[in-house]
Amino acid sequence: MITAIHKALAAQRDAREENEEGFTLIELLVVVLIIGILAAIAIPVFLGQQNSAKDAAAKSDLGNAKIAIVSYATDHNGSYFSTGTTNLVASDLSTYGYAASTGTSSFTVFATAAGAFCVSEDSAVGAGHFYKITDSGSMSAALAAGCTTSAG
């Protein structure tokens, strides 16, 4: 009788081993490798999209700043100069509807006594993407950290 029980248990064990399902270690390593390759491709693309969004925010800020500067000058007899300073700053323009986007920096307004202005902004801290807009409305990527003192 004990021999019959051993034979039955051995048959069950053999049946389980034949039907055993699952992944081998090599299969799991291949899947992890594929996921790693896909992540190596996707992460730089995602970071590039973030920089593009910051560039677009900086350009939008410049357009909004231009409208606020013109409104400021209208209320101050055509002057682009803030009281006690040589140029406007972002806080001077907040009452005229200007609010900087999060993540942008180095907002600077250069104005001339002749009634021209140039606004520059860095799209991302340390990224080196500087943009400018002038009183004529032209917008371009500037090579330097800001506008020149003459608009144009």
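The figures follow:
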{"read-out": "Exclusive hit being assigned to a helix (DSSP H, G or I), acidic (Asp, Glu), within 12 Å of the chain's Cα centre (by Cα) and modelled with pLDDT of 70 or more, set Asp92, Asp55", "value": "Asp55"}
{"read-out": "Index of the failed condition, Lys66 passing every other in (1) closer than 18 Å to Lys132 by Cα; (2) among the basic types (Lys, Arg); (3) at pLDDT below 80", "value": "(3)"}
{"read-out": "Qualifying position, being of a type in the set (Val, Ile, Thr) and modelled with pLDDT of 80 or more, among Thr74, Thr85, Thr149", "value": "Thr74"}
{"read-out": "Verdict on Ser60 being at pLDDT 85 or above, out of contact with any Gly (no Cβ under 9 Å at 6 or more places or on another chain) and closer than 19 Å to Ser120 by Cβ", "value": "yes"}
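The values are calculated or read from the model by the stated rules, or taken from the named source; none is laboratory data. Model, not experiment: these values are computed from the prediction. Note that each Cβ is placed from the backbone with ideal geometry, even for glycine, and that neighbours are counted across all protein chains shown.
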